[in-house]
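Novice: The structure that follows is given in the form of structure tokens.
The values are calculated or read from the model by the stated rules, or taken from the named source; none is laboratory data. Note that the structure is predicted; figures quoted are calculated from it, not measured. Cβ placement follows ideal geometry from the backbone for every residue including glycine, while neighbour counts extend to all protein chains displayed.
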Amino acid sequence: MALVFRSTPLLWARVAAMVFTCVAFSVALYGASLTHGTGDWCIFCWSFSFAGTLLIILVELCGLQTRAPVSWKNFPITFACYASLLCLSASIIFPLFFLKGYSGRNEMINCRIVSTVFSCLATIAYLSEVSMSKARPGEVAGYMATAPGLLKVCETFVACVIFVFISEPVSYKQNAATMWCLSVYCICFILSAGIIVMCVAEWTGCLPFPFARFLSTYALLAVGMYLSTTIIWPIYKFDDKHGGSSRRPNACGSSMGLCPWDKTLAIAVLTALNFLLYLADLIYSARLVFVTV
């Protein structure tokens, strides 16, 4: 097994991302004094991204792409897109929970600042990798390298954040309308995740119907479902006539992180964001000529 080293901008973007994530979680573990589960999430984001990038670099240096049990046209860019979103979330959450309200420049604060800076640098590195790996107009590439494929990664990630906010505290059991919203989040997440898995595992040819037609049909249905949720959730959560609360409680100002009302608002914003992502997905899917290589 011979190592194949070719210096390319894509390789250096991956090396930079790997180094930045390594520094972020190493410094955080060394002296950031993380005290609750939010810090564990940030450590997971950085360490998972580091491990996956290291694996991709080793596979390509050893020339093992053809022996990998996944589509190498789809897997690296899918991972890079998820890693960029993970590092972005850590870059926002970490300073919000571990730098807000702290003053001075002792070792603990310095470590937290360093982890935040390198998390932001890792996000930029992963976004650069995605930009270099995505399909150009007229180029034959895997589905995940196209705009609809990358949009599905974003759709599933946003849905995961919604699940976190909607389940702690539980805010979907208010009535049948809010239960419908949860159903929309779950159905669309499962189908989008299933499409990603089929593309990465190269199972799209196993479907009894054309994959491109399925993508367009699903995108149309998802747009309609998310449109209803974008309207229903704010009505039943922020309209006083429907059991909601239009004013932010005063207690939210003194709470650490996001209070329940803030999380409800975040769900409304993320729902609207996912609606726009599915709308863009529908527009791209309707005109995309998908070529399986």
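Residues are listed down the side, and each one gets a yes or a no for (1) in a helix (DSSP H, G or I); (2) of a type in the set (A, V, I, L, M, F, W, C):
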position: Tyr172; (1), (2): no, no
position: Ala177; (1), (2): yes, yes
position: Cys186; (1), (2): yes, yes
position: Ser192; (1), (2): yes, no
position: Gly224; (1), (2): yes, no
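Novice: Is segment 196-213 home to any residue that is among the small types (Gly, Ala, Ser), at pLDDT below 90 and over 30 Å from Lys241 (Cα atoms)?
Specialist: yes
Novice: For segment 177-193, indicate whether the set of residues that are touching a Gly at 6+ places or on another chain (Cβ under 9 Å), farther than 30 Å from Gly39 by Cα and outside the structural domain of Tyr82 (by TED's automatic domain parsing) is non-empty.
Specialist: No; the residues of segment 177-193 include none that is touching a Gly at 6+ places or on another chain (Cβ under 9 Å), farther than 30 Å from Gly39 by Cα and outside the structural domain of Tyr82 (by TED's automatic domain parsing).
Novice: Given (1) assigned to a loop (DSSP other than H, G, I, E, B); (2) surrounded by 15 or more Cβ atoms within 10 Å (Cβ to Cβ), identify the lone condition not met by Cys154.
Specialist: Unmet for Cys154, out of (1) assigned to a loop (DSSP other than H, G, I, E, B); (2) surrounded by 15 or more Cβ atoms within 10 Å (Cβ to Cβ): (1).
Novice: Here is a follow-up. If you take the residues in segment 157-170 that are in a helix (DSSP H, G or I) and touching a residue at least 60 places away in the same chain (Cβ under 8 Å), which one is farthest from Leu182 (Cα to Cα)?
Specialist: Taking the candidates together, the pick is Phe157.
Novice: Report, by residue number, each residue of segment 188-219 that is in contact (Cβ under 8 Å) with a residue 12 or more places away in the chain, loosely packed, with under 15 Cβ neighbours inside 10 Å and under 22 Å from the mean Cα position of the chain (by Cα).
Specialist: Across segment 188-219, the qualifying residue is only Ala201.
Novice: What are the residues in segment 34-90 that are acidic (Asp, Glu) and either part of a loop (DSSP other than H, G, I, E, B) or in contact (Cβ under 8 Å) with a residue 12 or more places away in the chain (or both), if any?
Specialist: The one that is acidic (Asp, Glu) and either part of a loop (DSSP other than H, G, I, E, B) or in contact (Cβ under 8 Å) with a residue 12 or more places away in the chain (or both): Glu60.
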